[in-house]
Amino acid sequence: MSIQVSSTKRVGIFLPPGEGRSYPMGRISTVFKADGDETQNGYSISEWWLEPNTQGPGAHSHAEDDIFYVI
């Protein structure tokens, strides 16, 4: 058995603090830092803010890799 590893060169995306696409949703808000065309639909990085005792968006999945942090 052989394992092939595909290597894709990625260009860094640098955003100043507070930058990205914001989506306020009441007790939840998110800022997408990189996704879609910026990453060739390969991954998504987002920041999520939840008020205390908020359930969040619920369990789900996406085809691309997701990286997020909850504050």
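The values are calculated or read from the model by the stated rules, or taken from the named source; none is laboratory data. Here the structure is a predicted model, which is why all the values come from computation and not from measurement. Reconstructed Cβ throughout: ideal geometry from the backbone, glycine too, with neighbour counts over all protein chains shown. These area figures cover heavy atoms from the full protein model, side chains too; ligands, DNA and RNA do not enter into them. Shrake-Rupley method; radii C 1.70, N 1.55, O 1.52, S 1.80 Å.
Some notes on this structure:
- Close pairs (9 angstrom Cβ cut-off, 6 or more residues apart or separate chains): at pLDDT 85 or above and assigned to a loop (DSSP other than H, G, I, E, B) in the range 14-42, among the charged types (D, E, K, R) and exposed (fewer than 10 other Cβ atoms within 10 Å of the Cβ) anywhere: Gly26/Glu51; Arg27/Glu51
- Listed conditions (1) part of a strand (DSSP E or B); (2) open to solvent by 30 Å² or more (accessible area, probe 1.4 Å) are all met by Gly58, apart from (1).
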